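Q: Take this structure first; my questions come after.
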Amino acid sequence: MVDGDAHSELLSADWNQEWMQMQAARHRADDSFEWDKRARHFRPLETAPYARDFMKLLALKPGESALDMGCGAGSIAIPLAQAGHPVIAADFSPAMLGTLDAGIEYYGLEDRITPLELAWDDDWDLVGPIAKAVDVAFASRSVTTTNLKGALAKLDRTARRRCAVTMVANSSPRYDLHLMNAIGASVTCSNGFVYAFNILIQMGALPQVTYFESPRRDTFDSLEAGVADFSRMLEHGNEDKIDRLRNYIVQHMIENPHAGEPGSKGVPQGRYMLDHVRKVRWAFIAWKPVSAPSS
């Protein structure tokens, strides 16, 4: 009770401060150098199931413009541009933007996609899109920032009609939850989307949340290669599960009928895969911008 009135910690909690503390405790930071190293693996040759589901939920109207913040190699920006939408494709990784440039040239989308080197923590008044520059502003799997409220506010200021983000709604995409459960390994689930939802409520928005799952296939060329690949998941106290991991792979590895064909990132698939499909659950959060147009 505060001055005789009921006090709700849910409504008064500083969700952004708690988010900042959680990010500070992370073992690995997301930075442009890390994504520069990954860029060579991103060569999307077709629209992946995740991207199709995301764009369906995004529900752009014909001809609407968009900001794709954290665009990576263009897995969303390129199909949106192919569908007739002008896209500002922004990312903090120069190497990712270089990969995007190759895709733009390959598909002939120079007049539809405007690449922009931009980080969440940059001063968008100086280097970002102007206020209300696009109809829809979104961040697909790319809200990698310490200041979550600031990031959401930047999307809000940039969009005229709609904003959207996707965030993990179970374990990190780094983990195969089915495999981890099978070998008795512990997994910390990510509920970061809850912070985004509550921050948006405090900003005065009315966010809508839709959950969907995207499939992932991990392929490898030998048992040892599979063990080496999946062992990256054995961290935070799970390092002693390596023998269980090896035994699981021995029992569940099968021939990959698409071996040698390009995967979702354009990299040739390996000879083997596991007999289950890894699924990642996402929270798609959309809201109508609450910031006023600039005068």
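The values are calculated or read from the model by the stated rules, or taken from the named source; none is laboratory data. The shown structure was predicted, so the numbers you read here are calculated from the model rather than taken from an experiment. Reconstructed Cβ throughout: ideal geometry from the backbone, glycine too, with neighbour counts over all protein chains shown. To get the accessible areas, we keep the full protein, side chains included, count just its heavy atoms, and leave off ligands, DNA and RNA. Shrake-Rupley method; radii C 1.70, N 1.55, O 1.52, S 1.80 Å.
Q: Given the rule -39500 (n - 2.57) for each run of at least 4 DSSP H residues, summed and divided by the residues of the chain, what is its mean residue ellipticity at 222 nm, to the nearest 500 deg cm²/dmol?
A: Working: 12 runs with 103 residues, N = 295.
That calculation yields -9500 deg cm²/dmol at 222 nm.
Q: Okay, moving on. Leaving ligands, DNA and RNA out of it, report the carbon-plus-sulfur percent of the accessible area of the chain at a 1.4 Å probe.
A: Values: 7900 of 15170 Å².
Taking all protein chains in place, the chain shows 52 percent carbon and sulfur surface.
Q: On average, how much accessible surface per residue is there in the chain, in Å², for a 1.4 Å probe, leaving out ligands, DNA and RNA? It would help to have the intermediate numbers written out before the result.
A: Numbers: 15170 Å² over 295 residues.
Per-residue accessible area for the chain comes out at 51 Å².
Q: Could I ask something else about it? Which loop-located GluC sites (Glu not before Pro) does segment 68-124 contain, where loop means any DSSP state but H, G, I, E or B and the Cβ has at most 16 other Cβ atoms within 10 Å? Present the calculation step by step, with values, prior to reporting the outcome.
A: On the way: sites: Glu105, Glu110, Glu117; in loops: Glu110.
The qualifying sites are Glu110.
Q: Largest first, what is the accessible-area ranking of Asp243, Asp101 with a 1.4 Å probe? Walk me through the intermediate numbers first.
A: Working: Asp243 105, Asp101 75 Å².
Result, largest first: Asp243, Asp101.
Q: What shape does segment 36-187 have by the C-alpha gyration tensor, where a ≥ b ≥ c are the square roots of the eigenvalues, rounded means a/c under 1.5, and otherwise prolate means a/b greater than b/c and oblate the rest? Present the calculation step by step, with values, prior to reporting the outcome.
A: Numbers: a/c = 1.62, a/b = 1.36, b/c = 1.19.
Prolate, since a/c reaches 1.5 and a/b exceeds b/c.
Q: Right, next: Hey, got the dipole for the chain? About the Cα centre, +1 on K and R Cβ, -1 on D and E Cβ, debye to the nearest 20?
A: Magnitude of the dipole: close to 700 debye.
Q: Where Lys and Arg each count +1 and Asp and Glu each count -1, what net charge lies around Ser186 among other residues with Cβ under 15 Å from its Cβ? Working shown, then result.
A: Details: positive: Arg174, Lys241, Arg244; negative: Asp176, Glu235, Glu239, Asp240.
Around Ser186, the surrounding residues sum to -1.
Q: Give the accessible area for Met203 in Å² (nearest 10); use a 1.4 Å probe, count only protein heavy atoms, and leave out ligands, DNA and RNA.
A: That residue has around 50 Å² of solvent-accessible surface.
Q: In whole angstrom, note down how far apart the Cα centers of segment 179-242 and segment 112-144 are.
A: What the calculation gives is 26 Å, centre to centre.
Q: Gap in Å between the Cα centre of segment 78-111 and the Cα centre of segment 45-77?
A: 11 Å
Q: Let me ask something else about it. For segment 157-214, which trypsin sites (Lys or Arg not before Pro) are both in a DSSP coil and crowded by at most 12 other Cβ atoms within 10 Å?
A: Values: sites: Arg157, Arg160, Arg161, Arg162, Arg174; in loops: Arg174.
Listed in order of number, the matching sites are Arg174.
Q: Accessible area of Leu118, 1.4 Å probe, to the nearest 10 Å²?
A: 0 Å²
Q: Here's another thing I want to ask about it. Could you please report the charge total around Arg160, scoring K, R as +1 and D, E as -1 over all other residues with beta-carbon less than 12 angstrom from its beta-carbon? Kindly include the intermediate steps, with their values, before the conclusion.
A: Details: positive: Lys61, Lys132, Arg157, Arg161, Arg162, Lys288; negative: Glu64, Asp135, Asp156.
Here the count lands on +3.
Q: To continue, here is another question. Whole Å is fine, so just give me how far the alpha carbon centre of segment 148-172 lies from that of segment 272-295.
A: The two parts, judged by their Cα centres, are 9 Å apart.
Q: Here's a follow-up. Enter the accessible area of Glu239 (Å², nearest 10), with the probe set to 1.4 Å and all protein chains included.
A: Its heavy atoms expose roughly 110 Å² to the probe.
Q: How much of the DSSP beta bridge set in the chain is antiparallel, as a percent to the nearest 5?
A: 55 percent
Q: How much net charge surrounds Gly150 when only other residues with a Cβ under 12 Å from its Cβ are counted (Lys, Arg +1; Asp, Glu -1)?
A: Numbers: positive: Lys149, Lys154, Arg157; negative: Asp121, Asp122, Asp123, Asp156.
With Lys, Arg at +1 and Asp, Glu at -1, the net is -1.
Q: So for each of 165-171, 86-92 I average, over its residues, the number of other beta carbons within 10 Å; can you give me the resulting order with the highest mean first? Mind showing how you got there, number by number?
A: Numbers: 165-171: 21.7, 86-92: 24.9.
In decreasing order of mean packing, 165-171, 86-92 become 86-92, 165-171.
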